[in-house]
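To start, the structure itself, in structure tokens.
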Amino acid sequence: MTLWGGRFSTKLNDQAWDLNSSLPVDQRMAIQDVDGSIAWANALHKANILLDEEHASISLGLDTVRKEFASGEFIFVPSDEDIHTAVERRLTELIGVTAGKLHTGRSRNDQVATDFRLWMLQAIPELDSAFRILQSALLAQAELAGETIMPGYTHLQRAQPILLSHWWLSHYHPLERDRERLNDLVKRVSILPLGSGALAGTPVPVDRAALAESLGFAVASPNSLDSVSDRDFAAEFLFCATMTGIHLSKLSEQIVLYTSAEFGFFELSDAFSTGSSLMPQKKNPDVFELTRGKAGTLIGMLTGLLATLKGLPSTYDKDLQEDKAPVFAAADTLLAILPVIAGAINTITAKPQRMRNAIDSFMMATDLADYLVEKGIPFRETHAIAGKAVREAGEKNVGLEELSLEAYQALCPAFEADVYQVFDPMKSIEKRNAIGGTSLQSVKNQIKQIKGE
Ligand code: ARG
């Protein structure tokens with residue numbers, strides 16, 4: 001049984017049927033489809049389209065269908081073109097022809113957009129919790145790191161010393177923005193399409209504001225033409241997911257690097273590492289590499305949907321059926337990655353000595369310039385003097401701390417014996433005490449702020 005057979009003389013070609021059918025993807029919105037139908041039946045009843053007995057019968061039938069979905073007992077049949085057809089077919093089996101009254105004034109166009117939005121309203125909090133678990137892991141590592149110091153990089157070249165805790169937290173904040181973005185999306189998802197009909201609106205005198213409220217939407221959509229074709233929320237959702245993918249990829253890339261023998265800053269726990277079938281010594285950071293890889297797939301999903309939406313004439317076009325697979329896949333991807341990365345981060349061991357050994361005195365060259373600034377020399381000049389010191393030490397193949405005081409004074413008479421204190425990395429760190437800097441106090445304040453203390 002299709003929902004549209006009346007005007008056709010032959011049935012749809014089998015392969016065209018397979019192409020057209022969306023059940024494999026949209027059966028995931030089964031509960032939402034039933035809930036939307038229950039709300040629509042209530043609206044039809046209030047509008048006197050359904051008599052009391054009809055409404056009672058439809059409601060009872062839909063309740064049974066819902067239970068069948070929830071318990072996994074629902075049996076799909078080959079003629080179920082999509083989830084909407086499946087629900088109506090089953091309802092007809094349960095209550096007979098009265099089921100046919102449910103679709104009055106409704107179209108699968110407003111129905112599918114409603115189901116999809118309902119699904120997303122439930123998916124967002126689920127994702128939000130998964131984000132929080134990873135954020136807690138990052139925060140816990142930041143607190144555990146205490147006064148551990150490490151080299152900070154720009155261009156992947158040693159730049160300035162930083163606190164390890166500051167580095168952990170630098171991966172916390174992007175996730176906070178991701179969560180904020182995702183939650184902000186809720187207000188654009190929470191707009192009810194149901195009651196828009198196929199495109200022009202419904203002839204049923206429904207109170208759409210009340211209908212919206214009954215389904216947990218903030219408002220009813222103000223324009224039926226826009227409403228059945230608006231997939232901004234799907235594209236936005238994919239952007240949110242992709243941005244998170246990119247943030248996690250960036251984190252992963254660094255963990256992959258820092259767990260290499262060359263860096264040796266971190267060690268992964270065995271529970272989150274994989275081996276090689278050939279090389280017995282290997283301990284690979286696969287979960288981080290997969291996360292980095294999946295960011296690429298997420299970008300593809302986002303650009304794929306954007307390309308689908310581009311140039312579609314208003315209003316509903318079947319191209320829109322392509323909207324759900326990438327959104328579901330993106331949500332699944334994040335829900336698969338986030339807990340694993342959280343677990344891997346929780347169990348990572350930092351190697352403070354390796355990190356300390358990777359800090360050389362050249363990373364304090366900026367502090368050397370700043371030392372002379374304190375003596376009243378303009379930074380542009382002190383930068384050049386410190387640069388000359390770096391060159392001289394490089395030529396002599398020694399560290400900045402190994403140049404003699406005479407050598408320093410030859411570069412600038414303002415240098416005094418206390419210059420050597422500049423090469424203490426902790427001093428360098430402690431100087432960066434403004435909001436957002438890497439000093440112990442700044443990072444403590446950062447943690448306090450995060451914890452809302
Ligand atoms: N399966 C369709 C989708 O996901 C449902 C809407 C069908 N509407 C239609 N006019 N054929 O977009």
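The values are calculated or read from the model by the stated rules, or taken from the named source; none is laboratory data. Keep in mind that this is a model prediction, so the values were computed, not measured. Positions of Cβ are backbone-derived with ideal geometry, glycine not excepted, and every protein chain shown enters the neighbour counts. To get the accessible areas, we keep the full protein, side chains included, count just its heavy atoms, and leave off ligands, DNA and RNA. Shrake-Rupley method; radii C 1.70, N 1.55, O 1.52, S 1.80 Å.
Summary of values
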item: Selection within segment 303-321 - within 12 Å of VAL112 (Cβ to Cβ) and surrounded by fewer than 17 Cβ atoms within 10 Å (Cβ to Cβ); result: LYS318
item: All positions within segment 208-224 that are within 30 Å of LEU134 (Cβ to Cβ) and surrounded by fewer than 18 Cβ atoms within 10 Å (Cβ to Cβ); result: GLY216, ALA218
item: Helices (runs of 4 or more DSSP H) contained in segment 10-106 and holding at least 3 residues more than 16 Å from the ligand (Cβ to nearest atom); result: 30-46, 52-71, 83-95
item: Boolean, ASP270 is among the acidic types (Asp, Glu), buried (at least 17 other Cβ atoms within 10 Å of the Cβ) and more than 15 Å from the chain's Cα centre (by Cα); result: no
item: Lone qualifier among LEU225, LEU164 - being within 30 Å of GLY296 (Cα to Cα), more than 24 Å from the chain's Cα centre (by Cα) and in contact (Cβ under 8 Å) with a residue 12 or more places away in the chain; result: LEU164
item: Of the criteria (1) of a type outside the set (A, V, I, L, M); (2) out of contact with any strand residue (DSSP E or B) (no Cβ under 8 Å at 6 or more places or on another chain); (3) open to solvent by less than 40 Å² (accessible area, probe 1.4 Å), which one SER227 fails; result: (2)
item: Segment 380-415 - residue that is touching a Leu at 6+ places or on another chain (Cβ under 8 Å) and of a type in the set (Asp, Glu) and, of those, farthest from ASP360 (Cα to Cα); result: GLU381
item: Residue list for segment 189-207, restricted to those being open to solvent by 40 Å² or more (accessible area, probe 1.4 Å), in contact (Cβ under 8 Å) with a residue 40 or more places away in the chain and not acidic (Asp, Glu); result: ILE191, ALA198, LEU199, PRO203, PRO205
item: Subset of segment 322-347 (residues that are buried (at least 20 other Cβ atoms within 10 Å of the Cβ) and either more than 28 Å from LEU238 (Cβ to Cβ) or within 16 Å of the ligand (Cβ to nearest atom) (or both)); result: ASP323, LYS324, PRO326, VAL327
item: Meets criteria (polar (S, T, N, Q), surrounded by 16 or more Cβ atoms within 10 Å (Cβ to Cβ), part of a helix (DSSP H, G or I) and within 32 Å of the chain's Cα centre (by Cα)) for GLN122; result: no
item: Matching option when the condition is assigned to a loop (DSSP other than H, G, I, E, B) and more than 30 Å from SER224 (Cβ to Cβ), among GLY343, GLY376; result: GLY376
item: Residue count, segment 35-58 (criterion: of a type in the set (Ser, Thr, Tyr) and open to solvent by less than 30 Å² (accessible area, probe 1.4 Å)); result: 1
item: VAL327 vs. criteria aliphatic (A, V, I, L, M) and touching an Asp or Glu at 6+ places or on another chain (Cβ under 7 Å); result: no
item: Unique match (being surrounded by fewer than 13 Cβ atoms within 10 Å (Cβ to Cβ) and modelled with pLDDT under 95) among GLU395, GLU453, GLU406, GLU416; result: GLU453
item: Matching residues, segment 382-434, being hydroxyl-bearing (Ser, Thr, Tyr) and either touching a Gly at 6+ places or on another chain (Cβ under 7 Å) or without any contact (Cβ under 8 Å) to a residue 40 or more places away in the chain (or both); result: THR382, SER404, TYR408, TYR420
item: Tabulated pairs, segment 441-453, first among the β-branched types (Val, Ile, Thr), second buried (at least 16 other Cβ atoms within 10 Å of the Cβ) and not in a helix (DSSP H, G or I), C-beta under 7 angstrom, 6+ apart or interchain; result: VAL443/LEU163
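Yes or no, residue by residue, for (1) among the hydrophobic types (A, V, I, L, M, F, W, C); (2) within 46 Å of the chain's Cα centre (by Cα):
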site	(1), (2)
LYS351	no, yes
GLU395	no, no
LEU400	yes, yes
ALA414	yes, no
ALA417	yes, no
